[in-house]
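Quick notes on the structure that follows.
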Amino acid sequence: MKKFNTIYRHIVEEERKFPEATGQLSDLLADIALACKMISLEVNRAGLIDILGMTGDTNIQGEEVKKLDVYANELLTNMMKQGGHICAICSEEEENFIPIEDKYTDNKYVTNKYICHFDPLDGSSNIDVNVSIGTIFSVYKRVSDHGPGEMMDCLQKGDAQVAAGYAIYGSSTVLVYTSGRGVHAFTLDPTAGEFLLSNENIKIPKKSKIYSVNEGNYNKWSNGMKNYIAHLKEPDEDSGRPFSSRYIGSLVADFHRNLLYGGIFLYPADSKNQSGKLRLMYEANPLSMIVEQAGGRSSDGSKRILEIEPTALHQRTPLFIGSEDDVILLEKYLSEDK
Ligand code: AHG
Ligand code: MN
Ligand code: MN
C-alpha cells in the first residue's frame, strides 16, 4: 500500500528534522501550496468562462474576470502579504520587487525572514489551447536584517535558495518541491482538496533519449548547438540515438516530463536573444535547484546556473537542464564555439 501523506504533513515532517526550525518555512510552503490549489481551480474553469457567458470584464457574479496570469499573480501576492513570512515578493508580472513590512512584530513565529520569486503562470501562450501550464516558485532567506525587503535580498545566487518548486496544471495538478533534502511530488485529489504524496525522492535518469528544444530557432543557433542536435539525430543503437524530440512550449511541462523520464531541455542564447529567453530568478534557478537535488545538471552552457551572480530581477540566461550525461555532452559541443 502506497504511503499516504499530504503535502502539509510532509513539509512539517521535513521541518522536524531541524530542531532549530521555527516552522515559518513550513507555513510559507503551505501558503504557496494553497495558492497553487486555487490557481488550479481557476485554470480548470478558464475554458468554461467563455462558454458560460462569463466573458468580458465581469462575470455573472459581478466579479471581474481576469486573465489567468494576472489572477495567479494577484493571488500569490496577496497570500504572501497576508502570511507575514516574507519581506519582499519578486514576480515575472511585476517590474520591481514588492517590499513587505513585518506585519506581526509581536509574534516571534511570524517574522518576515524570507523572500520569494514567482513565475505565477508559466507557459501562458498555451493557456487558451488546453495545454499544460504551471507556477514556479523560489524561496531565499533575507540577507538584510529587518524591515521591508531590499534589492540585496532579491538578488541572491541560486545556490542560496532554501526551497524551490513548481505546480503543473495538466491532466492532473501536481506540485513538486525541494527544501534541500530531495525532490518530492504531490498530486491534487480534487475531491479531498489535498495534495497527496505521489512520488518521493525523485531521481532523474543519468542518461536519456529525449531532447526538448524549439527547432524553429535553428538558423539562429551557434555551430556547437547545431552539431549537438545533429549528433542526437544520428542513428547509433549503442548510445540510444536517435533521441526523440518532445517540445510542449511550457517550460514546466517539458521539465516535469524530463525529470521523470530523463531528458535534456535546451533554450540557448541565439543571434536574436543574446542572453537566451528564459529568466534566471523565477525559471532557471528554481528548476536548477530541483534538478540538482534529483541528481541532474543545469548550466548556461559553461557554468552551473546556481552559481550565476544575479544583477537584475528579470535577467535572462541560456538554459540547458536535465539528465547529467546529456548536459555534460552538450557543454562539450558548446565549448567548440569558444
Ligand atoms: P512564460 O509563459 O512564463 O512567459 O514562459 C514561457 C516560456 C517557457 O514556458 C517556455 O519553455 C518558453 O517560453 C517557450 O518559448 P518559445 O515559444 O520561444 O519556444
Ligand atoms: Mn515562464
Ligand atoms: Mn509566466
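The values are calculated or read from the model by the stated rules, or taken from the named source; none is laboratory data. This structure is a prediction, so every number in the text was calculated from the model and none was measured. Ideal geometry is used to build each Cβ from the backbone, glycine not excepted, and the neighbour counts take in all protein chains shown. The accessibility values were calculated without ligands, DNA or RNA, using every heavy atom of the protein model including side chains. Shrake-Rupley method; radii C 1.70, N 1.55, O 1.52, S 1.80 Å.
Which percentage, to the nearest 5, of the DSSP beta bridges contained in the chain is antiparallel?
Numbers: 44 of 53 bridges.
Counting only bridges with both partners in the chain, antiparallel ones make up about 85 percent.
As a length-normalised measure over Cα pairs under 8 Å and 6 or more apart, the relative contact order of the chain settles at 15 percent.
Each of His314 and His146 was given a label point 7 Å from its Cα along the Cα-to-Cβ line. The distance between the two points is 3.5 nm.
Charge dipole of the chain (Cα centre as origin; +1 on each Lys and Arg Cβ, -1 on each Asp and Glu Cβ, all else neutral): 860 debye, rounded to the nearest 20. Ranked by solvent-accessible area (1.4 Å probe, protein heavy atoms only, all chains present), the residues Leu196, Leu287 order from largest to smallest as Leu196, Leu287.
Can you compute the FRET efficiency between Glu42 and Glu336 using 1/(1 + (r/R0)^6), with r the Cβ-Cβ distance and R0 = 35 Å? Round to the nearest 0.05.
Numbers: r = 46 Å, r/R0 = 1.32.
Once rounded, the FRET efficiency stands at 0.15.
Could you calculate the contour length gain from Ser245 to Arg181, that is, 0.36 nm times the residue separation minus the distance between their Cα atoms, to one decimal place in nm?
19.9 nm
Mean residue ellipticity, 222 nm, helices only, the chain: the sum of -39500 (n - 2.57) across DSSP H runs of n ≥ 4, divided by residue count and rounded to 500, is -9500 deg cm²/dmol. An oblate overall shape is assigned to region 205-277, the ratio a/c of its alpha-carbon gyration tensor axes (a ≥ b ≥ c) being 1.5 or greater and a/b not exceeding b/c. For the set Lys37, Lys207, the ranking by accessible area, highest first and with no ligand, DNA or RNA atoms included, is Lys207, Lys37 under a 1.4 Å probe.
Roughly how many Å² is the accessible area per residue of the chain, as a whole number, for a 1.4 Å probe?
On the way: 15320 Å² over 338 residues.
Each residue of the chain exposes 45 Å² on average to a 1.4 Å probe.
Annotation: Glu150 carries an accessible surface of approximately 80 Å², with a 1.4 Å probe and no ligand, DNA or RNA atoms counted.
Think of region 7-199 as a dipole: +1 on every Lys or Arg Cβ, -1 on every Asp or Glu Cβ, centred on the Cα centre; then among Leu175, Ser40, Cys90, Leu175 lies furthest on the positive end. For region 7-199, the Cβ-based charge dipole about the Cα centre amounts to some 640 debye (Lys, Arg positive; Asp, Glu negative; other atoms uncharged). Checking the Cα-Cα distances for Lys303/Lys332; Lys3/Lys207; Lys277/Lys338; Lys207/Lys338 against a 23 Å cut-off, the pairs over it are Lys3/Lys207; Lys207/Lys338.
Ranked highest first by average number of other Cβ atoms within 10 Å, how do 197-204, 114-121, 165-172, 70-77 line up? The partial results should precede the final answer.
Working: 197-204: 16.5, 114-121: 26.9, 165-172: 22.0, 70-77: 20.5.
Final packing ranking: 114-121, 165-172, 70-77, 197-204.
Here the label points at Ile328 and Asn78, each 7 Å from Cα along the C-beta direction, are separated by 4.9 nm in the simple model.
Ordering Asp270, Asp31, Asp238 by accessible surface, largest first, gives Asp238, Asp31, Asp270; the 1.4 Å probe counts only protein heavy atoms, with every chain in place. Taking every alpha-carbon pair under 8 Å whose residues sit at least 6 apart, region 210-337 reaches a relative contact order of 30 percent. Report the local net charge at Asn273: Lys and Arg +1, Asp and Glu -1, summed over other residues whose C-beta lies under 10 Å from its C-beta. Net charge around Asn273: +3. DSSP bridge analysis restricted to region 210-337 gives an antiparallel fraction near 70%, rounded to the nearest 5.
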